[in-house]
1. Which members of the stretch 48-78 meet the condition of being more than 12 Å from the chain's Cα centre (by Cα) and of a type in the set (Ser, Thr, Tyr)?
2. Sort out which residues of the stretch 46-91 are at positive phi and surrounded by 10 or more Cβ atoms within 10 Å (Cβ to Cβ), and write them in order of number.
3. Tally the residues that are touching a strand residue (DSSP E or B) at 6+ places or on another chain (Cβ under 7 Å), at pLDDT 80 or above and either part of a loop (DSSP other than H, G, I, E, B) or farther than 26 Å from Thr76 by Cβ (or both), restricting the search to the stretch 7-23.
4. Can you say whether Ile26 is of a type in the set (A, V, I, L, M, F, W, C) and modelled with pLDDT under 90, as far as the supplied structure shows?
5. When you check Ile4 against the structure, is it modelled with pLDDT under 95 and either charged (D, E, K, R) or loosely packed, with under 14 Cβ neighbours inside 10 Å (or both), yes or no?
6. For the subset of the stretch 31-40 comprising residues that are within 23 Å of Ile84 (Cα to Cα) and modelled with pLDDT under 90, which member is surrounded by the most Cβ atoms within 10 Å (Cβ to Cβ)?
7. Filter the stretch 36-67 down to the residues that are among the small types (Gly, Ala, Ser), free of Cβ contacts under 8 Å to residues at least 24 places away in the same chain and farther than 16 Å from Ile93 by Cβ and list them by number.
8. Considering every residue within the stretch 42-52, establish whether at least one is more than 20 Å from Leu77 (Cα to Cα) and at pLDDT below 90.
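The values are calculated or read from the model by the stated rules, or taken from the named source; none is laboratory data. Just so it is clear, the model here is predicted, and its values are computed rather than measured. When we count neighbours, we look across all protein chains shown, and the Cβ atoms used for this are built from the backbone with ideal geometry, even at glycine.
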Amino acid sequence: MATIKPILDKVVVKVQKAQRPTQGGIILAGSSKEQPLTASVIARGPGGMIDGKEVKMYVNEGDNVLIPKHAGTEFTLGGEEYIIISQSQILAIIA
């Protein structure tokens, strides 16, 4: 199986497909309100010098994070779908 190793401040995440039922228990296919996505960090780059500034990595493999709905670049590897984004696009780490 192929592996991926992000460079610089890039982070590979796998979106967690969660459906939220309404109070009545109905699962809606979509929502009119754009919600951030919950994702798991699969791999991260080492950080380093980017545009003349030192970038420290704050996320680690296995962290659950919030990302904007349309952030990053989607790709498929080994039949699984992933998104690669810059660490600066991550909204929060879920503790």
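1. Listed by number, the residues that qualify are Tyr58, Thr76.
2. Gly47, Gly48, Gly72
3. 3
4. yes
5. In short, yes.
6. Filtering the stretch 31-40 for residues that are within 23 Å of Ile84 (Cα to Cα) and modelled with pLDDT under 90, the one surrounded by the most Cβ atoms within 10 Å (Cβ to Cβ) comes out as Pro36.
7. Within the stretch 36-67, Gly52 is the sole residue that qualifies.
8. Yes; the residues of the stretch 42-52 include at least one that is more than 20 Å from Leu77 (Cα to Cα) and at pLDDT below 90.
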